[in-house]
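Written out below as structure tokens is the structure these notes cover.
The values are calculated or read from the model by the stated rules, or taken from the named source; none is laboratory data. These numbers come from a predicted model, not from an experiment. Here the Cβ positions follow ideal geometry from the backbone for every residue, glycine too, while neighbour counts run over all protein chains shown. For accessibility, only protein heavy atoms count, side chains too; no ligands or nucleic acids. Shrake-Rupley method; radii C 1.70, N 1.55, O 1.52, S 1.80 Å.
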Amino acid sequence: QVQLVESGGGLVQAGGSLRLSCAASGLTFSNWAMGWFRQAPGKEREFVGAISWTGGSADYAESVKGRFTISRDNAKKTVYLQMNSLKPEDTAVYYCAARAWTYATQYELYNYWGQGTQVTVSS
């Protein structure tokens, strides 16, 4: 049974930082690309960023480039999302997701999802 469990969300002031973690189990983690998505109230789920199965390449949404960084530790079966210079518009539930081998920006192409973690950025 595949499980993805996010943690690290919370309330932070604008300009602050948070690091989200997503711990995976039930899959051969190093065979899976990992993505981060977010969904704000009343909005569709949107792509934040993704990282290849090796960790050698990553892609980011324009809105977070230069502020967010994705990394992974295959030995720990964990992917991270370091978020700096947070803005109120970053407020959302953040989800990690797994896709076999290659990452994608479309959420429909991911196979497994975590339950999400709330990030709230106050102004």
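Go through (1) in a strand (DSSP E or B); (2) open to solvent by 30 Å² or more (accessible area, probe 1.4 Å); (3) not small (Gly, Ala, Ser) for Val12 and report which single condition fails.
Exception for Val12: condition (2).
For region 68-79, give me each residue that is farther than 20 Å from Gly15 by Cβ and either assigned to a loop (DSSP other than H, G, I, E, B) or of a type outside the set (Gly, Ala, Ser) (or both). Break it down stepwise before answering.
Within region 68-79, the subset farther than 20 Å from Gly15 by Cβ is 70-79.
Within region 68-79, Ile70, Arg72, Asp73, Asn74, Ala75, Lys76, Lys77, Thr78, Val79 qualify.
Looking at region 89-108, which of its residues are assigned to a helix (DSSP H, G or I) and either closer than 17 Å to Ile70 by Cβ or at pLDDT below 95 (or both)?
Of region 89-108, the ones assigned to a helix (DSSP H, G or I) are 89-90, 107-108.
Answer for region 89-108, where residues must be assigned to a helix (DSSP H, G or I) and either closer than 17 Å to Ile70 by Cβ or at pLDDT below 95 (or both): Asp90, Tyr107.
List, please: which pairs have Cβ atoms under 7 Å, are six or more places apart or on different chains, and start with a residue in region 1-16 that is over 26 Å from Lys77 (Cα atoms) and end with one that is open to solvent by less than 60 Å² (accessible area, probe 1.4 Å) and not in a strand (DSSP E or B)?
Correct list of pairs: Val12/Leu86; Ala14/Leu86; Ala14/Pro88; Gly15/Leu86; Gly16/Leu86.
Looking at (1) out of contact with any Asp or Glu (no Cβ under 9 Å at 6 or more places or on another chain); (2) buried (at least 21 other Cβ atoms within 10 Å of the Cβ); (3) closer than 21 Å to Ser17 by Cα, can you tell me which one Ala58 breaks?
Failing condition for Ala58: (2).
Given the criteria exposed (fewer than 12 other Cβ atoms within 10 Å of the Cβ), among the basic types (Lys, Arg), modelled with pLDDT of 95 or more and part of a loop (DSSP other than H, G, I, E, B), does Lys65 qualify? First the steps, then the outcome.
On the way: exposed (fewer than 12 other Cβ atoms within 10 Å of the Cβ): yes; among the basic types (Lys, Arg): yes; modelled with pLDDT of 95 or more: yes; part of a loop (DSSP other than H, G, I, E, B): yes.
It is true that Lys65 is exposed (fewer than 12 other Cβ atoms within 10 Å of the Cβ), among the basic types (Lys, Arg), modelled with pLDDT of 95 or more and part of a loop (DSSP other than H, G, I, E, B).
Does Trp53 satisfy the criteria of being closer than 19 Å to Tyr112 by Cβ, out of contact with any Asp or Glu (no Cβ under 6 Å at 6 or more places or on another chain), open to solvent by 30 Å² or more (accessible area, probe 1.4 Å) and not small (Gly, Ala, Ser)? Please lay out each step first, then the result.
Values: closer than 19 Å to Tyr112 by Cβ: yes; out of contact with any Asp or Glu (no Cβ under 6 Å at 6 or more places or on another chain): yes; open to solvent by 30 Å² or more (accessible area, probe 1.4 Å): yes; not small (Gly, Ala, Ser): yes.
It is true that Trp53 is closer than 19 Å to Tyr112 by Cβ, out of contact with any Asp or Glu (no Cβ under 6 Å at 6 or more places or on another chain), open to solvent by 30 Å² or more (accessible area, probe 1.4 Å) and not small (Gly, Ala, Ser).
If Ala33 satisfies all but one of (1) part of a loop (DSSP other than H, G, I, E, B); (2) in contact (Cβ under 8 Å) with a residue 60 or more places away in the chain; (3) among the small types (Gly, Ala, Ser); (4) at negative phi, what's the number of the condition it fails?
(1)
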